[in-house]
Structure formats: C-alpha cells, structure tokens
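For reference, the structure discussed in these notes is given below.
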Amino acid sequence: MTKVTAQMSLSLDGFYAGPSFLGDSTDVIGWMTSPEALGFFRVTRWVTDALAWRERQGFAGGEESINSAIVEESFESAGAYVMGRRMFDGGEIPWGDEPPFRAPVFVVTHRPHEVVERAGGTSFTFVTDGVEQAVKLARKAARGKDVAVAGGGTMLRHAMQRGLVDELEVHIVPVVLGDGQRLFDVSLNLADDEGIELTPLRVVGSPEVTHLRYAVAGSRTLVLDDRGRGDE
C-alpha cells in the first residue's frame with residue numbers, strides 16, 4: 001500500500017538550514033556560499049558521507065554504516081517524489097544529467113514548465129495546482145511504492161498542514177545552529193488548542209545522527225491535564 005513519507009535532517013534546536021538565502025533560487029554559486037548553505041550542509045553531512053548516497057551520485061568513497069543503510073532504504077522505498085520549486089531550482093545543476101531519484105518527481109510551482117527528462121529514470125513534472133494534486137499524481141506514478149516528500153521545509157509543512165503525510169522521519173544531528181529555517185514554525189497555522197500527534201515507529205542511533213520515524217496521526221485538540229492537583 002502506498003504511503004506518503006517525508007524526512008528532514010535537523011539541528012538539535014530544530015533548524016534544517018541556516019538563515020534564508022535572499023538571492024535568486026537559481027543562483028547556485030551564490031547559495032553555496034550563503035549562511036543557509038552552511039547550516040544545510042552541516043545537518044546533512046551524515047548523508048553526503050554515506051556510501052549509498054555517494055554511489056547514487058556517482059562519487060567515489062563513502063562510509064558503509066547504519067546511516068548509509070538508511071539512505072539506501074529511503075531510495076529503495078520511494079516510487080515517486082514531491083518537492084518544491086525552490087528545491088528544484090537549487091538542485092537541478094548539482095544533480096547533473098542523472099539525478100539520484102531515478103523515479104518521477106512532481107514539482108509544486110506557480111511557474112509552468114515543460115517536463116524535464118533526465119537519465120536513469122528521473123523526470124520532473126511541474127504541477128501548478130497545489131501540493132494535493134502533486135501527491136495525487138505521485139501516488140499514481142509510484143506503482144505501489146511510497147511517495148516521498150523530498151522538501152524543502154516549506155513544502156513539507158504544507159503537506160503536514162493538509163494531512164497528506166503518513167510517516168515522518170527526522171534525523172537529529174548533534175549541533176546547535178542558533179538561527180536559521182525551522183521545520184516546524186507558525187506557518188503550520190495550528191489553533192492555540194491544537195497539536196499534530198505522532199506515534200513513534202523506530203529509533204536508530206549513531207554518533208553522527210539519531211533517526212526518529214513517526215506515524216503521523218494528524219491534528220488533535222489538546223486537553224488540559226490536571227491530574228497533578230491531587231483531587232480525588
């Protein structure tokens with residue numbers, strides 16, 4: 001059965017990147033030297049050091065570890081992807097002619113674009129009528145495998161807010177960034193008496209990162225717990 005999954009690497013204080021780069025999202029060189037990139041590359045270092053990631057990108061080296069096994073697992077389980085346009089703009093050149101996805105990718109955007117075909121089975125289809133439609137198309141294209149919400153953080157928040165994500169995995173890296181872009185912020189638009197409930201499914205630890213997987217139960221009303229009053 002197809003699930004919609006998502007994952008994100010975070011600092012201990014909840015940031016997935018440094019302060020937002022305000023330049024053109026297609027300016028890869030400018031972005032690479034920005035504070036946003038410094039934070040992003042720190043929290044994703046465990047990925048780029050992994051053998052499975054480097055093999056997927058055609059790079060030599062890499063560590064064969066539990067982190068690499070988790071990277072490999074995430075690639076193998078995904079039959080299609082959903083991402084935001086900013087992520088596509090920033091990644092198109094670094095991913096090269098054979099991106100690591102090797103599956104259909106649906107890019108949520110306000111700017112129409114023709115389908116981009118790449119080697120290895122990756123295609124980028126641009127969806128202009130919202131994340132719900134992108135997920136619907138991705139489910140059909142996944143052929144029974146999972147749909148992975150690949151990012152960035154804004155796209156993942158939109159999917160969470162709309163109740164589209166079945167499982168969330170956060171990779172907690174032992175660093176405090178102090179400032180940057182938070183995965184969970186006020187843009188989730190939860191009411192004062194609401195929270196998104198999750199059920200732990202798996203915890204995997206390593207010196208570099210702790211992997212936490214949750215089933216997403218969705219938005220629930222918070223209830224005052226007054227058991228500490230001691231009333232009978």
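The values are calculated or read from the model by the stated rules, or taken from the named source; none is laboratory data. Every value quoted in this text rests on a predicted model; they were computed, and no experiment measured them. Using ideal geometry, Cβ is built from the backbone for each residue, glycine included, and neighbour counts are taken over all protein chains shown.
Table for the structure above
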quantity: Matching residues, segment 33-76, being buried (at least 18 other Cβ atoms within 10 Å of the Cβ) and β-branched (Val, Ile, Thr); calculated: Val43, Thr44, Val47, Ile70, Val71
quantity: Val204 being touching a strand residue (DSSP E or B) at 6+ places or on another chain (Cβ under 7 Å), outside any loop (DSSP other than H, G, I, E, B) and of a type outside the set (D, E, K, R); calculated: yes
quantity: Complete set of residues in segment 137-156 that are of a type outside the set (Asp, Glu) and closer than 14 Å to Gln7 by Cβ; calculated: Val147, Ala148, Val149, Ala150, Gly151, Gly152, Gly153, Met155, Leu156
quantity: Criterion violated by Arg143 - all others in (1) out of contact with any helix residue (DSSP H, G or I) (no Cβ under 8 Å at 6 or more places or on another chain); (2) under 21 Å from Val43 (Cβ atoms); (3) of a type in the set (Lys, Arg) satisfied; calculated: (2)
quantity: 3 or more residues at pLDDT 95 or above and among the acidic types (Asp, Glu): qualifying helices (runs of 4 or more DSSP H) within segment 1-105; calculated: 66-77
quantity: Residue within segment 98-111 that is touching a residue at least 60 places away in the same chain (Cβ under 8 Å), among the basic types (Lys, Arg) and out of contact with any Cys (no Cβ under 7 Å at 6 or more places or on another chain) present; calculated: no
quantity: Residue, nearest to Gly39 (Cα to Cα), within segment 174-199, restricted to residues that are under 18 Å from the mean Cα position of the chain (by Cα) and part of a strand (DSSP E or B); calculated: Gln181
quantity: Any hit, segment 94-110, residues being hydroxyl-bearing (Ser, Thr, Tyr) and over 17 Å from the mean Cα position of the chain (by Cα); calculated: no
quantity: Verdict on Gly120 being of a type in the set (Gly, Ala, Ser) and under 13 Å from the mean Cα position of the chain (by Cα); calculated: no
quantity: Qualifying positions in segment 181-214 - touching a His at 6+ places or on another chain (Cβ under 8 Å), loosely packed, with under 13 Cβ neighbours inside 10 Å and closer than 14 Å to Gln7 by Cα; calculated: Arg202, Val203
quantity: Matching residues, segment 8-37, being under 19 Å from the mean Cα position of the chain (by Cα) and more than 20 Å from Gly178 (Cα to Cα); calculated: Ser25
quantity: Whichever residue in segment 140-180 is of a type in the set (Lys, Arg) and farther than 16 Å from Phe106 by Cα and, among such residues, is surrounded by the fewest Cβ atoms within 10 Å (Cβ to Cβ); calculated: Arg162
quantity: Any pair with Cβ under 9 angstrom, 6 or more apart, that starts in segment 204-217 at a residue that is free of Cβ contacts under 8 Å to residues at least 24 places away in the same chain and ends at one that is assigned to a strand (DSSP E or B) and of a type outside the set (Asp, Glu); calculated: Gly205/His211; Ala217/Ile196; Ala217/Leu198; Ala217/Thr199
quantity: Unmet criterion (only one of (1) part of a helix (DSSP H, G or I); (2) within 30 Å of Asp185 (Cα to Cα); (3) modelled with pLDDT of 95 or more) for His158; calculated: (3)
quantity: Any hit, segment 121-131, residues being assigned to a helix (DSSP H, G or I), touching a His at 6+ places or on another chain (Cβ under 8 Å), under 30 Å from Pro19 (Cα atoms) and not hydrophobic (A, V, I, L, M, F, W, C); calculated: no
